[in-house]
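What follows is one structure encoded as structure tokens, with my remarks underneath.
Each reported figure results from applying straightforward, stated rules to the coordinates on display, with no laboratory input. Just so it is clear, the model here is predicted, and its values are computed rather than measured. With ideal geometry, Cβ positions are generated from the backbone for all residues, glycine too; neighbour counts draw on all protein chains shown.
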Amino acid sequence: MLRDPVRRALYDYVAAQGHEVGRDEAARGAGVSRTLAAFHLDKLVEGGLLASGYRRLSGKAGPGGGRPAKVYRRSAAEHQVSVPPRDYRTLALVLAEAVDALGGDQAAEAAARRVGERVAAAGLREALAERGYQPYQDEGVLRLRNCPFHLLAEERPVLVCSLNLALCEGLLAAVGDADHAARLDPRPGECCVAFSKNNDD
Amino acid sequence: MHLAQLNVARLRAPLDAPATADFVAGLEPMNALSDAAPGFVWRLKGGDQPTDTVQHDYGDQLLINFSVWESRETLWNYVYRTAHLEYLRRRREWFEHLGEPTVVMWWIPEGYTPTLAEGMARLDLLRAQGPGPDAFTFTDFHQPPTPAATTPA
């Protein structure tokens with residue numbers, strides 16, 4: 001589904017936006033013609049990777065607002081491909097239950113921090129992008145559009161979000177970024193961690 | 001139907017102890033956040049002050065949170081998708097690990113205000129029998145009972 005480079009570029013562009021994307025915008029974002037963009041966008045909807053709807057893009061309602069345009073956003077469905085079959089999800093849930101049962105949050109957080117510290121990357125943003133967080137700037141704060149642990153975070157939110165924060169703190173240390181601090185600042189539909197600039201040092 | 005939730009937590013130190021100060025400092029902002037959250041319906045208050053905690057006879061240093069919400073999603077978004085999450089992350093600093101269920105949910109008719117005794121009974125039910133339609137959790141969630149055929153098809 002994503003082997004075609006144009007289709008891949010369109011998917012990446014739409015998925016990285018925090019809003020619904022029209023065909024014109026997607027075409028500009030991927031650097032292709034509107035007709036080609038429309039073809040691939042609809043293929044991505046057929047494949048379940050994007051969802052579509054209709055919206056007036058002019059912002060005007062009623063007569064004169066124009067015909068509603070077709071808009072696209074990332075589908076909420078998850079797709080996981082593994083050849084040969086692997087099931088890390090079930091094992092992760094088992095381990096999460098064990099941590100809960102043992103009251104072992106702090107040991108688990110320390111482990112997550114160590115894992116983060118072992119990461120090799122050029123910088124914070126690169127490290128986050130490589131791990132699928134889809135970082136973006138929002139009013140001076142680096143936010144994360146995607147939660148790579150979404151399913152687990154739905155099952156064990158406090159544990160998984162705490163581990164994610166510890167992992168991100170480890171990442172900061174690994175890339176040697178002393179200018180940012182990681183903190184929990186969750187929003188519906190996004191990752192729970194945000195990075196703010198340090199003012200005091 | 002509305003969703004009632006009750007949760008309990010046992011403090012490691014009294015509310016006026018320095019070790020609990022960060023938690024107490026969060027009472028007013030967290031209560032304000034919940035009261036203004038989408039889908040918030042009601043919560044049991046301990047008094048007129050925003051930092052008053054629920055008064056009860058279920059043991060010293062047991063904190064009780066009792067509220068009603070329009071849906072699972074609105075409760076979820078308040079509990080896990082706001083600044084409240086940071087207090088959950090730090091809960092071990094202030095609360096003991098109880099090793100048994102501390103949160104229970106159940107459905108109530110809209111407009112009905114549940115009592116504390118009823119809420120504690122639901123928690124007992126969950127602890128005794130595990131999750132079911134009358135006492136459940138986010139992880140083992142139950143949908144509201146479908147209304148008996150009162151509306152014509």
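Computed as a quarter of the hull surface, the mean projected area of the alpha carbon convex hull for segment B:1-90 stands at 5.9 nm². Using the alpha carbons alone, the radius of gyration of segment A:5-74 stands to its Kirkwood radius in an Rg to Rh ratio of 0.98.
Think of it as helices only: each DSSP H run of n ≥ 4 in chain A is worth -39500 (n - 2.57), and spread over all residues that comes to -14000 deg cm²/dmol at 222 nm. When the Cα atoms of the protein assembly as shown are aligned to their principal axes, the ranges along those axes come out at 70, 64, 45 Å in descending order.
Contact order, relative form, for segment A:5-74: 36 percent (alpha carbon pairs under 8 Å, 6 or more residues apart, mean separation divided by residue count). When cysteine pairs in the protein assembly as shown are screened for C-beta atoms closer than 4.7 angstrom, the residues that find no partner are A:Cys168. Averaged over the residues of peptide A:182-190, the number of Cβ atoms from other protein chains lying within 10 Å of each residue's Cβ is 4. Summarising the amide proton neighbourhood of A:Gly22: residues at separation of 5 or more, or on other chains, whose placed amide H is nearer than 5 Å comprise A:Tyr72. For segment B:40-136, dividing the convex hull volume of the Cα atoms by the residue count gives 125 Å³ per residue. Using bins of 10 Å that start at zero, the share of Cα-Cα pairs per bin across chain A amounts to 8, 27, 30, 23, 9, 2, 0, in whole %. Using +1 at the C-beta of Lys and Arg and -1 at the C-beta of Asp and Glu, which of A:Cys168, A:His150, A:Ala27 has the Cα lying farthest in the positive direction of the dipole of the protein assembly as shown? The listed residue farthest towards the positive side: A:Ala27. At full extension, A:Ala173 and A:Leu151 could sit 5.2 nm farther apart than now, given 0.36 nm per residue minus the alpha carbon distance. Of A:Asp42, A:Asp185, the sequence from fewest to most neighbouring Cβ atoms within 10 angstrom is A:Asp42, A:Asp185. A protection proxy built from the mean count of other Cβ atoms within 10 Å ranks the segments A:168-177, B:43-52, most packed first, as A:168-177, B:43-52. Against chain B, whose longest principal axis is taken from its Cα atoms, helix B:116-129 shows a tilt of about 80°. Across chain B, the mean sequence separation of Cα contacts (distance under 8 Å, 6 or more residues apart), normalised by length, yields a relative contact order of 32 percent. Contact order for segment B:29-116, expressed relative to its length and based on alpha carbon pairs under 8 Å spaced 6+ residues apart, stands at 25 percent. Among A:8-14, B:97-103, A:74-80, sorting by the average number of other beta carbon atoms lying within 10 angstrom of each residue, highest first, gives A:8-14, B:97-103, A:74-80. For B:Thr146, B:Thr20, the sequence from fewest to most other C-beta atoms within 10 Å is B:Thr146, B:Thr20. Per-residue ellipticity at 222 nm, computed for chain B from helices alone with -39500 (n - 2.57) per DSSP H run of at least four residues, works out to -9500 deg cm²/dmol.
Determine the distance separating the Cα centre of segment B:67-110 from the Cα centre of segment B:1-54; give it in Å without decimals. Their Cα centres are 11 Å away from one another.
For segment A:88-197, the ratio of Cα radius of gyration to the globular rule of thumb 2.2 N^0.38 Å stands at 1.03. Residues whose amide H lies under 5 Å from that of A:His180, counting only those 5 or more places away or on a different chain, are A:Asn198; hydrogens are built 1.01 Å from N in the peptide plane. The mean count of C-beta atoms from other chains within 10 Å of the C-beta of residues in B:79-90, rounded to a whole number, is 6. Percent antiparallel among DSSP beta bridges with both residues in segment B:2-129, to the nearest 5? Roughly 100 percent of the beta bridges in segment B:2-129 run antiparallel, per DSSP. Per-peptide packing, taken as the mean over residues of other Cβ atoms within 10 Å, places B:4-10, A:109-115 in the sequence B:4-10, A:109-115 from highest down. With a 10 Å cut-off around each Cβ of A:149-160, the average count of Cβ atoms from other chains is 2.
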